[in-house]
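Chemist: Mind looking over this structure? Questions follow.
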Amino acid sequence: MFEKLSPMPADPILGLMAKYREDTHPNKIDLGVGVYKDEAGHTPILACVKKAEQLRIDTEETKVYIGPAGSGSFNQLIGDLAFGTDNPAILANRIRSVSTPGGTGSLRVAADFIKRINPNAAIWVSDPTWANHIGLFEAAGITVKTYPYYDHENKTLKFDEMLATLATISSEDVVLLHACCHNPSGMDLTNEQWDKVIELTQQQGFTPLIDMAYQGFGESVDQDAYGVRQMAATVEDMILCSSCSKNFGLYRERIGACSIVAKDSQTADIALSVLLYVVRCIYSMPPAHGAAIVETILGSSDLKQQWLDELKVMRDRINGNRAMLVNKLIEKGVTRDFSFIAQQKGMFSFLGITPEQVAQLQREHSIYMVDSSRISIAGISEANVDYLAESIAKVL
Ligand code: LMR
């Protein structure tokens, strides 16, 4: 049977990790996969995570099955973090959450949940979006369509075009929005733009699915959740897929959450029963370790404060890198305007160079980025920015 198989190409993002590791160039730079790196190019374990982990080791009493919903305490705390404790949807008991294996696990749960409600629903994603969104929803049998989002030429949002397309989407469909730190463009909606999108969501009656993989990496934990909170407070139905990979640095522990906001508490209970069924059919139940760390941190005011401080260090470093790259390019005599990089938010921006130039940077300078010229800003450091800017200047 297996002789019928033909090989699949390496994942456009994950494939870069392997290539980078094999490269022996002393000045190689990894701007590929979206993981935080410190000045030394290391992805550290947060100190608050280390403490929480130790606490769990000392107090954990069993490894018995946790159940499809995962940890109830994690689910509540992560819901509070995303929606805000005073959100009318929380106060009305309209939200149910399950722990999932990372943000990707959450998206897959959401996909199967949508398929169950409406097998013909299409999901509309921004053009462009995280490459895996498309494969993931298609793998679940959902048709993927796109709405205009990023204007590559002018480095701006195609907001009017986005609204015009959203205004054609029916109540049968789902629209995927990025809560903050848009992946791959770094171009976020302002609060006023969110308000307009929410108004349109209500008017059209489609279901919003918000992907929040970078809460706290843009401006702050609260500001980054503006759209999520307003949407939940305003519309009847909504899905939130969140991830603790980046903001808690728990990448390989695979912890995230899928939250359903329903029109009332009774409908939310029914939705939860469907979520649990879906989870049981995919992976039975989520891993518990990451959730245990996050709930220990969020459940302790000291550890939570430490986490917020450490998150700020990561955010400030990324924002600093943005400005540093822009200035360095000017210093190297580059006349093309790259100032947009300093204005965008989160882990990524498009450099805006051609695929040939991306390939040349890899081949001749050992600088790795996704073919679309998406760069992971955290891979820049004071030690490598000179070489990076010089190399970019050369290929331009
Ligand atoms: C990225 O976009 O680089 C990250 O979200 C990591 C991944 O899984 O693709």
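The values are calculated or read from the model by the stated rules, or taken from the named source; none is laboratory data. Everything numeric here is computed off the predicted structure, so don't read it as measured data. For neighbour counting, all protein chains shown are included, and Cβ atoms are generated from backbone atoms with ideal geometry for every residue, glycine included. For the accessible areas, the whole protein counts, side chains as well, though only heavy atoms, and no ligand, DNA or RNA atoms are used. Shrake-Rupley method; radii C 1.70, N 1.55, O 1.52, S 1.80 Å.
Chemist: Quick one: Karplus J couplings for segment 136-150, per residue in order, coefficients 6.51, -1.76, 1.60, θ = phi - 60°, nearest Hz, x for Gly and Pro?
Modeler: Result, rounded to whole Hz: 5, 6, 5, 4, 8, x, 9, 6, 9, 10, 10, 10, x, 9, 9.
Chemist: Can you spot the lysines whose alpha carbon is less than 16 Å from residue 50's alpha carbon? Ignore those fewer than 8 places along the same chain.
Modeler: Partners found: 246, 304.
Chemist: For segment 185-219 and segment 320-396, what is the centre-to-centre distance using only Cα atoms, to the nearest Å?
Modeler: Centre-to-centre distance over Cα atoms comes out at 27 Å.
Chemist: May I pose another question? How big is the accessible area of residue 50 in square angstrom, nearest 10, if you roll a 1.4 angstrom probe over the protein chains?
Modeler: Probe radius 1.4 Å; accessible area of residue 50 about 110 Å².
Chemist: If one takes the longest principal axis of the Cα atoms in the chain, at what angle in degrees, from 0 to 90 and to the nearest 10, does the Cα axis of helix 289-298 lie?
Modeler: 90 degrees
Chemist: Sticking with this structure for a sec: Which distance in Å, rounded to a whole number, links the C-alpha centroids of segment 134-168 and segment 223-261?
Modeler: 20 Å
Chemist: At a 10 angstrom cut-off on C-beta neighbours, averaged per residue, how do the peptides 231-239, 112-120 rank from highest to lowest?
Modeler: Going from most to least packed, we get 231-239, 112-120.
Chemist: Which shape class applies to segment 65-299: rounded if a/c is under 1.5, otherwise prolate when a/b exceeds b/c and oblate if not, where a ≥ b ≥ c are the square roots of the Cα gyration tensor eigenvalues?
Modeler: It is rounded, given that a/c, with a ≥ b ≥ c, falls under 1.5.
Chemist: Another question, then. Could you state the accessible area per residue of segment 14-96 in Å², with a 1.4 Å probe and every protein chain left in place?
Modeler: Normalised by residue count, the accessible surface of segment 14-96 is 57 Å².
Chemist: What ranking do 374-380, 311-317 get when scored by the average of other Cβ atoms within 10 Å per residue, highest first?
Modeler: Going by the mean number of other Cβ atoms within 10 Å, highest first, we get 374-380, 311-317.
Chemist: Taking the chain as the reference, fit the longest principal axis to its C-alpha atoms, fit the long axis of helix 301-331 to the helix C-alpha atoms, and give the angle between the two in degrees, 0 to 90, nearest 10.
Modeler: It is inclined by approximately 30 degrees.
Chemist: From the C-alpha coordinates alone, can you work out the Kirkwood hydrodynamic radius of segment 23-162, in Å?
Modeler: That comes to 19.5 Å for segment 23-162.
Chemist: Taking 30 Å as R0, compute the FRET efficiency from the Cβ-Cβ separation of residue 359 and residue 143 and round it to 0.05.
Modeler: For R0 = 30 Å, the calculated efficiency reads 0.40.
Chemist: In addition: Send over the per residue convex hull volume for segment 124-242, Cα only, as a whole number of Å³.
Modeler: Spread over its residues, the Cα hull of segment 124-242 gives 98 Å³ apiece.
Chemist: Cross-link list 155/328; 37/328; 145/394; 196/345: which exceed 29 angstrom alpha carbon to alpha carbon?
Modeler: Those over the limit are 145/394.
Chemist: Which value in deg cm²/dmol, rounded to the nearest 500, describes the helix-derived mean residue ellipticity at 222 nm for the chain, given -39,500 (n - 2.57) per DSSP H run of n ≥ 4 and division by the residue count?
Modeler: Helices in the chain give a 222 nm mean residue ellipticity of -14000 deg cm²/dmol.
Chemist: What is the angle, in °, between the Cα long axis of helix 102-117 and the longest principal axis of the Cα atoms in the chain? Nearest 10 is fine, range 0 to 90.
Modeler: 50 degrees
Chemist: Between residue 192 and residue 331, how many nm apart are label points set 7 Å from Cα along the C-beta direction?
Modeler: Modelled inter-label distance: 3.6 nm.
Chemist: While we're on this one: For the pairs 4/115; 51/312; 19/63, flag any whose C-alpha to C-alpha distance is greater than 27 Å.
Modeler: Beyond 27 Å: 4/115; 19/63.
Chemist: Taking only the C-alpha atoms, wrap a convex hull around the chain and report its volume per residue in Å³ as a whole number.
Modeler: Cα-based convex hull of the chain, divided per residue, equals 156 Å³.
Chemist: So, with a 1.4 angstrom probe, what is the percent of accessible area on the chain that is carbon and sulfur?
Modeler: 52 percent
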